[in-house]
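The values are calculated or read from the model by the stated rules, or taken from the named source; none is laboratory data. It should be emphasised that the depicted structure is a prediction, and the values quoted were computed from it without experimental measurement. Cβ coordinates were reconstructed from backbone atoms using ideal geometry, including for glycine residues, and neighbour counts include every protein chain displayed. Heavy atoms of the whole protein, side chains included, go into the accessibility calculation; ligands, DNA and RNA do not. Shrake-Rupley method; radii C 1.70, N 1.55, O 1.52, S 1.80 Å.
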There are 4 protein chains.
Amino acid sequence: MADTKRTDAKLTGVLEMAAPALTRKELLKRLDSEFPESRHALGDYDIEEIWYGGCRLRQRYDKRLLRPGSTLSGATMMALGDFAMYLAVLSAIGWVPLAVTTNLSINFLRKPPARDLIAEARLLKLGKQLAVGEVAIHADGADDMVAHVTSTYSIPTVK
Amino acid sequence: MADTKRTDAKLTGVLEMAAPALTRKELLKRLDSEFPESRHALGDYDIEEIWYGGCRLRQRYDKRLLRPGSTLSGATMMALGDFAMYLAVLSAIGWVPLAVTTNLSINFLRKPPARDLIAEARLLKLGKQLAVGEVAIHADGADDMVAHVTSTYSIPTVK
Amino acid sequence: MADTKRTDAKLTGVLEMAAPALTRKELLKRLDSEFPESRHALGDYDIEEIWYGGCRLRQRYDKRLLRPGSTLSGATMMALGDFAMYLAVLSAIGWVPLAVTTNLSINFLRKPPARDLIAEARLLKLGKQLAVGEVAIHADGADDMVAHVTSTYSIPTVK
Amino acid sequence: MADTKRTDAKLTGVLEMAAPALTRKELLKRLDSEFPESRHALGDYDIEEIWYGGCRLRQRYDKRLLRPGSTLSGATMMALGDFAMYLAVLSAIGWVPLAVTTNLSINFLRKPPARDLIAEARLLKLGKQLAVGEVAIHADGADDMVAHVTSTYSIPTVK
């Protein structure tokens with residue numbers, strides 16, 4: 001419990017933009033060497049910024065992500081939201097690749113145009129076993145959110 | 001409201017396995033000609049059975065769907081659950097490809113082994129504007145559910 | 001993990017209706033002596049049946065639960081769904097009153113008439129730390145579900 | 001669609017704190033005269049502030065809301081989150097009491113202390129048929145969120 005309070009303190013107030021447990025460069029290197037499959041689900045993405053408990057991720061537009069009506073598929077936004085949340089968890093606990101999603105809930109708000117998507121994730125809670133966060137997804141350059149995600153990750157116990 | 005009751009009656013009781021609005025063959029043909037992108041998100045899939053308000057879908061194992069820990073990615077199961085629900089909606093309302101997900105919530109229950117996944121979807125409600133359903137996802141040949149999805153689709157108004 | 005598999009086996013297949021960890025009578029006695037507040041949220045309820053990993057709960061109609069439109073409030077169905085899930089958890093792990101909900105998602109499907117509500121809960125997964133389940137809520141004597149709940153409980157570690 | 005864009009514009013950017021469709025005083029008067037049952041579920045509450053697309057609601061502490069472990073019940077936070085969202089919808093569309101919740105998802109983040117709760121709701125989308133929003137719930141005077149809600153309301157068609 002003491003540990004929960006310490007980490008939570010970094011999520012709110014003055015420490016909100018504290019340094020991440022992994023830099024952007026380290027994280028991209030680890031992902032490419034140990035988790036290359038992430039490129040299959042998301043296609044071409046970039047981590048624009050990462051901080052303790054959060055990140056901003058860009059997914060580049062690819063016409064294979066379209067579905068009828070010339071809009072991006074729901075599956076695209078779910079994969080993006082899940083991955084942004086994964087990186088937000090790693091930004092706080094370091095490289096623990098076996099952290100897994102236990103729950104994800106997404107509301108699709110507007111049809112995204114055929115453009116890059118920007119996902120901004122932030123943790124709402126970081127406990128010893130569970131992390132909970134939310135992700136706002138926008139089309140690049142637009143104010144309105146296209147989808148909103150909340151998600152829970154289970155953090156494996158280190159032995 | 002009269003219409004809602006009529007369609008709902010088919011979802012429960014004696015009519016539960018009523019004939020779908022589209023046969024399996026028609027649906028596969030339409031998907032391949034008008035929605036070929038569905039193959040990108042899901043890879044190789046097959047509709048095993050379809051009935052009014054539900055379907056059973058098989059997603060063939062593909063090692064590109066793996067993530068660290070030799071398990072299938074959450075994104076895979078979300079895309080599968082969303083697509084199974086989409087087919088369940090079409091099974092009841094016919095070919096209305098612009099039906100869109102408004103909400104999806106998934107609980108990941110167990111790590112799926114590296115095997116085919118089977119998704120079984122059924123509608124819980126079919127209104128004029130909204131359809132709500134649930135999807136149970138199992139690994140092929142296993143009893144335990146690996147993920148459970150609930151989802152809402154918005155049905156476009158026909159003019 | 002071994003423990004998870006053992007308990008999960010009881011949730012599916014031949015053992016599905018195995019004996020609960022607490023009988024109906026024991027549970028009602030414990031609730032009334034140690035958790036009398038449950039009567040405030042739910043009003044007059046009864047446990048109709050309880051088995052390993054599930055239960056059927058009746059909430060008696062009370063006009064104070066109505067909201068505009070002569071229907072039962074969403075808050076009523078959420079409280080009922082949460083409590084039914086709580087009892088399903090206790091039916092499997094015994095009297096551990098500090099088990100707490102971490103997530104609840106509810107879809108409201110139809111307006112319930114001014115009548116008793118029946119909630120049937122069943123666990124989809126029982127791990128050491130988390131239990132996940134679903135609850136179907138019906139109006140007494142009606143086939144159509146009025147609401148569907150999925151929920152996750154956190155099980156406190158016994159020391 | 002034109003209408004959707006107009007109302008959405010008020011939810012973001014410079015118009016974020018635009019005037020509500022109903023003042024706090026009008027809303028409290030309407031609730032007490034036409035929806036007195038809201039007092040049953042929530043007990044003693046107050047609307048602290050209301051603006052176009054959002055509100056801040058206070059629920060006064062009442063020991064009947066406690067559950068084992070001296071914490072406030074999940075049912076209390078769900079009812080509060082649902083009601084805050086209801087008022088956020090009314091703040092944008094005016095007095096349409098038959099607006100109903102279609103989906104609510106809540107993450108319980110921390111055990112709330114025995115104190116007043118503050119719920120702050122804001123709409124993420126306001127369409128003609130559906131409104132989607134989120135609610136942050138805090139204990140009075142504390143920074144950490146105790147629960148986070150996302151919810152969808154169905155807006156009845158005016159004839």
Accessible-area ranking of A:LYS128, A:LYS25, largest first, probe 1.4 Å: A:LYS25, A:LYS128
Counting Lys and Arg as +1 and Asp and Glu as -1, each charge on the Cβ, what is the dipole of the range D:51-143 about the Cα centre in debye, to the nearest 20? 140 debye
Euclidean distance of C-alpha centroids, the range C:85-159 and the range A:114-159, integer Å: 26 Å
With +1 on the Cβ of every Lys and Arg and -1 on the Cβ of every Asp and Glu, and nothing else charged, how large is the dipole of the protein assembly as shown about its Cα centre, in debye rounded to the nearest 20? 0 debye
In square angstrom, rounded to the nearest 10, how much accessible surface does C:MET78 have for a 1.4 Å probe? 0 Å²
Chain A - percent relative contact order, Cα under 8 Å, separation 6 or more: 24 percent
222 nm mean residue ellipticity, helices alone, for chain D (DSSP H n ≥ 4; -39,500 (n - 2.57); rounded to 500): -9000 deg cm²/dmol
What's the whole-number percent of alpha carbon pairs in the protein assembly as shown lying beyond 49 angstrom? 6 percent
Exam field: D:THR157 pseudo-label spacings to other copies (7 Å along Cα-Cβ), nanometres: 0.5, 5.6, 5.6
Per residue value of the accessible surface for the protein assembly as shown (all protein chains in place, 1.4 Å probe), Å²: 40 Å²
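Which of the DSSP-defined H helices in chain B satisfy a minimum axial length of 30 Å, computed from C-alpha atoms, and a minimum mean Kyte-Doolittle hydropathy of -1.0?
none
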Given the options A:GLY133, A:GLY69, A:GLY141, which has the most mean-square fluctuation in a GNM of chain A, springs set between C-alpha atoms less than 10 angstrom apart? A:GLY69
Taking the square root of 5 times each eigenvalue of the Cα gyration tensor, what semi-axes in Å does the equivalent ellipsoid of chain C have, largest first? 27, 17, 14
